[in-house]
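**Q** Once you've had a glance at the structure underneath, I'll fire off some questions.
The values are calculated or read from the model by the stated rules, or taken from the named source; none is laboratory data. Just so it is clear, the structure is predicted and the values come from calculations on it, not from any experiment. All Cβ positions, even for glycine, are placed from backbone atoms using ideal geometry, and neighbour counts span all protein chains on display. Accessible surface areas use protein heavy atoms only, side chains included; no ligands, DNA or RNA. Shrake-Rupley method; radii C 1.70, N 1.55, O 1.52, S 1.80 Å.
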Amino acid sequence: MEPGDLFIPVDTIEEEATLTCDAKGVPPPQYRWSLNGTLINLGLDRRRRLSGGNLIISSLDRYQDVGMYQCMAFNAAGAILSRRASLQFAYLDHFKVHTRSAVSVREGQGVVLLCGTPTSSGDLTYAWVFNEYPYFVQQDNRRFVSQQTGNLYVAKVEPSDVGNYTCVVTNSVTKGKVHSSPTALILKTDGVMGEYEPKIEVNFPDNVSAARGSTVTLECFALGNPVPEITWKRANGVPFPSKVKMKYSNAVLEIPSFQQDDTGGYECVAENRMGKNTATGRLAFYGTETPSFPAVKDAALAIEERLHWECRANGKPKPSYTWLKNGQQLLSGVNYSLSSATYQYFILKTKSAASAHLLVSSSPALLKAKAGTTVTLECKPQAYPVASILWKKGNLPIHINDRVTLSPDGTLRLANVSKSDAGGYTCFARNRFGMSSTTGRLLVTDPTRITQGPVDMEIIVGESIVLPCQVASDPVLDVSFSWAFNGQLIAKGDGHFELRTAGDLMIRNIQLYHAGKYICVVDTDVESLSAVAILIVKGPPSPPDSVTVEEVTDSTAQLAWSRGRDNGSPIANYFIQTRTPFTVGWQRVNTVPEIIDGNTLTATVVDLNAWVEYEFRVLARNSVGVGEPSPVSVRTRTEDAVPDAAPGDVGGGGGSRSELVITWEPVPEELQNGESFGYIIAFRAFGEVSWTHVATSAPGASRYVYRNDSIAPFSPFHVKVGTYNSKGQGPFSPVVTIYSAEIEPSGMPAGVWARSVSASEIEVNWQALSYSPERVLGYEVVYWEDDTKPETMGKVRVPWNQTVVTVSGLAANTQFFLTVSAFNTAGTGPFLPAINVTTKKPPPAQPPMNIEWTLIGSQLSLYWEPVAATESESEVTGYKVSVMLPDLLALGCPSVNSVCHLCPPPDYVIRIQTLSEGGLGPASEPIRVHRLSKITPEAGSLLHPAPSSTRLPALTLLRDSAPLLLHTLICIVNIR
């Protein structure tokens, strides 16, 4: 048993750690341990001790005990080393305590909230809390939490996203959890972000190495408006196996049990109707293969001959080699020679004599040859002393002639073979120690022909084709196929290529670089032939190059660029995209000429904003499609100009006495057209001719308050707001009418009175103000339980034309104080003197019990026990009987207004409740009456209890055969 890797939480370092090591041997082995290559002296180390072969470490130290451990087991017969095992400590520090700045974005814009992971050791997982624990951000196609970076990505912000976000980091080993400071997400008020193409923010590395059997996770997420859709594909076009999983709306690709077949290129595509973006990477296999040794067979060697032992291993990183003898490193010496980093040769130079022997090795048992070729049959005996050679075909000796020759080493050569040369051949070797022989068979075959080979083709990027390679061959031959592309052999599972068993080559998802020369090579046991085809691939144009901005005004920019490759199809036209600090992603812009043909390499971009930095790129289109964009131009600022945008949504009003409050929507920065931007606020009272002008130099200002004691309350004013910058004055907004601040009403309503309606409701009445010099918007009713407890105060507001309101949700059997006042935007006027009223006692808490019913002919009668109110409850004044028919549609019937022949009439449900001044009491348990088709109250069915009766017949109902029309029937039974 070998030691395994250990990962220990820091908070458990007072406990012991055990590294296992157990070996078998005779005599029983002893053990030694090393740390980072240095032998551990257990005699001087009080914290480390052996138990059998296991190493036990107590009072663990985070800094002294970390490292690589290795165990050696040894006895008198030899020694062996274990694998190396690591000991690591897991921990998670706290976030630094500081206030995080708010993140301000427009609605529709994408955003990334950074987690800022603290220092740690061990695998981490990430989550985000929205506003308060335990409300976590739910991941969907719009929101994604990366388990690589810990950041939260929102593809397109919506108003519901506004709030505070907290990053939660958990250590998977220690289970410890830490929280960051909250980050506030707020919406800008300068407009909504327009649609833009996807921008990939979460991407996997260009090259990812993974070990055999591990789980590989690739992440990909993009910002965009509309929200982009994420798809994955392999670079070779081969579909994903069933084990591959897509998670979190395809933002995560998971490959469990990673194997050699999973290596290769992977591509993530983020796409919406504005465009698409791609991210690519490559998965490589990381791991070593067990060293393989050729079989070492017994051999009879002459003195001074050499024996070679070969050790080869493949792996990443490149392996190193060490030979051990009895656990000790073997070095080159007199009898041993070690050489080469890739191959190790163990060369035996021994002085001891070897036994003499005779061994014959010959050609394979079955040898195939094409008619007309030369065949060589080998017979190379290893004999001491040297043996003589004799060949036979069948039982007849072979005679040497011009076509049949025999070499000194025993090799038989047959030239220009034919079908008559087929048969069994035996080689005999003899010396004084004996004779040995070996027999083989020669099979002469017909030539092989390629019946259908590949042909020259033209194909479009992204398509798939099959290049055929079919042959006719002798049935006894083993035929194999291979393909070469531009001189390089195509391996199985190599990218886009699939070598089919029948010899055909399938190329999936063809790219431009697949254009070239393809050769099909056919190999049999006896010959090799080939066929050649040229493949021409057409695709979208390559990116244009050298995009330069040659001339700029306040609204235009002249661009020039150089042509890219047309990739087999002439370029039809170009179009231009731009990006600014105020946009997310690239957007297409208007140009002159409006349509830029494929022979034009200059154009003027129009409709730009003044004093804004722009970047440009150019894309080309041909009959195949749109190519990749050009490199981005140098960032260029347009010239400044007088503002051409006025503030929007100008309004105002309210404020304190003698104030005129003016508000507006600020002009976005990208429309301010120059430096020193500000606003001009103009206003005048009704009837005045001249305007009062006030300027503010704050570009983000949205409010101005004019104060003057001469302003009459609630006076109308004409208002407009304009813009200016260093180039001059811009336009004004349309003129609007607003009112100065008003003062609260000075009068108060009269005749207020109130009554208790139920245990939870009070009705309040008052008389409207007959006259008020101030504007009255409505009335405010204030109520409270106790003058000493202001926190119990409640308010209800109603419009000016209403003089009654019901206050609900009150406590039962409780005295309340009430008062009424008038209000407007300045506040409330004086309150009336308070009055008081007490809510009624609550209804009985006991529902009607022991309900019985009888059905005689067409008459249904109900009986129940009377409910007696307690001292703290309202007296019972009657009963409410509700008869309900279940929803027929829910029962599968086509309509509640039609006769259902497939569904039997359902049961009616009857419930009974008490009536009292305090309101309606709880309902009884439901009573089900079977197959009532229609129920109506019997005339005069309001029944009064008899003084001596202990049960009350409350209601008599009728039964007939009418269709199912009734939904709910309510009857009120009074007992007063």
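**Q** Residues in region 223-236: is at least one modelled with pLDDT of 90 or more, in contact with a helix residue (DSSP H, G or I) (Cβ under 9 Å, 6 or more places away or on another chain), farther than 30 Å from Gln511 by Cβ and not in a loop (DSSP other than H, G, I, E, B)?
**A** No.
**Q** Can Ile230 be described as surrounded by 14 or more Cβ atoms within 10 Å (Cβ to Cβ) and within 17 Å of Asn151 (Cα to Cα)?
**A** no
**Q** From the list Tyr63, Tyr91, which residue is outside any strand (DSSP E or B), under 39 Å from the mean Cα position of the chain (by Cα) and either assigned by the TED database to the domain that holds Glu158 or among the hydroxyl-bearing types (Ser, Thr, Tyr) (or both)?
**A** Criteria check complete, one pass: Tyr63.
**Q** From the residues in region 837-869 that are surrounded by fewer than 15 Cβ atoms within 10 Å (Cβ to Cβ) and among the small types (Gly, Ala, Ser), which one is farthest from Val881 (Cα to Cα)?
**A** Here the answer is Gly857.
**Q** Picking from Asn151, Asn164, which residue would you name as being under 23 Å from Gly224 (Cα atoms) and open to solvent by 30 Å² or more (accessible area, probe 1.4 Å)?
**A** Sole residue among the options that is under 23 Å from Gly224 (Cα atoms) and open to solvent by 30 Å² or more (accessible area, probe 1.4 Å): Asn164.
**Q** Anything in region 209-222 that is modelled with pLDDT under 90 and outside any loop (DSSP other than H, G, I, E, B)? List them, or say none.
**A** Ser209, Ala210, Ala211
**Q** Suppose we filter region 509-545 for residues that are assigned to a loop (DSSP other than H, G, I, E, B) and either surrounded by fewer than 20 Cβ atoms within 10 Å (Cβ to Cβ) or more than 35 Å from the chain's Cα centre (by Cα) (or both); how many remain?
**A** 9
**Q** Still on this structure, please answer the following. Please list, ordered by residue number, the strands (runs of 3 or more DSSP E) wholly in region 724-788 having 1 or more residues that are under 57 Å from the mean Cα position of the chain (by Cα). Let's see the steps before the verdict.
**A** Numbers: elements: 728-732, 736-739, 750-756, 762-767, 778-784.
Answer list for region 724-788: 728-732, 736-739, 762-767, 778-784.
**Q** Tell me which residues, restricted to region 759-775, are of a type in the set (A, V, I, L, M, F, W, C) and either open to solvent by less than 30 Å² (accessible area, probe 1.4 Å) or in contact (Cβ under 8 Å) with a residue 60 or more places away in the chain (or both).
**A** The answer is Ala759, Ile762, Val764, Trp766.
**Q** How about region 900-940: which of its residues are modelled with pLDDT under 55 and open to solvent by less than 20 Å² (accessible area, probe 1.4 Å)?
**A** Result: Leu932, Ser933, Ile935.
**Q** Filtering region 3-34 down to residues that are at pLDDT 90 or above and within 17 Å of Ser86 (Cα to Cα), which residue is surrounded by the fewest Cβ atoms within 10 Å (Cβ to Cβ)?
**A** Selected residue: Thr18.
**Q** Here's another thing I want to ask about it. Within region 702-725, is even one residue in the same structural domain as Glu659 (by the TED database), among the charged types (D, E, K, R) and crowded, with 19+ Cβ neighbours inside 10 Å?
**A** yes
**Q** Still on this structure, I have one more. Tell me which residues, restricted to region 465-492, are loosely packed, with under 15 Cβ neighbours inside 10 Å, over 16 Å from Ala533 (Cα atoms), of a type in the set (Gly, Ala, Ser) and touching a residue at least 24 places away in the same chain (Cβ under 8 Å).
**A** Within region 465-492, Ala472, Ser480 qualify.
**Q** So how many residues does region 169-178 have that are crowded, with 19+ Cβ neighbours inside 10 Å and not in a loop (DSSP other than H, G, I, E, B)?
**A** Result for region 169-178: 2.
**Q** Taking region 179-192, which residues are crowded, with 17+ Cβ neighbours inside 10 Å and within 24 Å of the chain's Cα centre (by Cα)?
**A** Ser180, Pro182, Thr183, Leu185
**Q** Out of the residues in region 831-873 that are of a type in the set (Asp, Glu) and part of a strand (DSSP E or B), which is farthest from Phe816 (Cα to Cα)?
**A** Glu852
**Q** If I ask for residues that are among the hydroxyl-bearing types (Ser, Thr, Tyr) and within 31 Å of the chain's Cα centre (by Cα), which ones from region 580-631 would you list?
**A** Correct list: Thr580, Thr583, Ser630.
**Q** Scanning for something modelled with pLDDT of 90 or more and of a type in the set (Val, Ile, Thr), does region 485-501 turn up at least one residue?
**A** For region 485-501, residues modelled with pLDDT of 90 or more and of a type in the set (Val, Ile, Thr): absent.
**Q** Here are some residues: Leu35, Leu39. Which one is over 44 Å from the mean Cα position of the chain (by Cα), aliphatic (A, V, I, L, M) and within 23 Å of Phe89 (Cα to Cα)?
**A** Of the residues listed, the single one that is over 44 Å from the mean Cα position of the chain (by Cα), aliphatic (A, V, I, L, M) and within 23 Å of Phe89 (Cα to Cα) is Leu39.
**Q** Suppose the filter is open to solvent by 30 Å² or more (accessible area, probe 1.4 Å), under 30 Å from Ala741 (Cβ atoms) and either in a loop (DSSP other than H, G, I, E, B) or not assigned by the TED database to the domain that holds Ser726 (or both); does Glu688 pass it?
**A** Answer is yes for this residue.
**Q** Here is a list of conditions, (1) outside any strand (DSSP E or B); (2) small (Gly, Ala, Ser); (3) touching a residue at least 40 places away in the same chain (Cβ under 8 Å); (4) under 28 Å from Glu670 (Cβ atoms), and Gly700 meets all of them except one; can you say which number that is?
**A** Result: Gly700 fails condition (3) only.
**Q** Being within 15 Å of Asn765 (Cα to Cα) and assigned to a loop (DSSP other than H, G, I, E, B) is the filter here; which residues of region 800-830 pass it?
**A** Trp800, Asn801, Gln802, Thr803, Ser808
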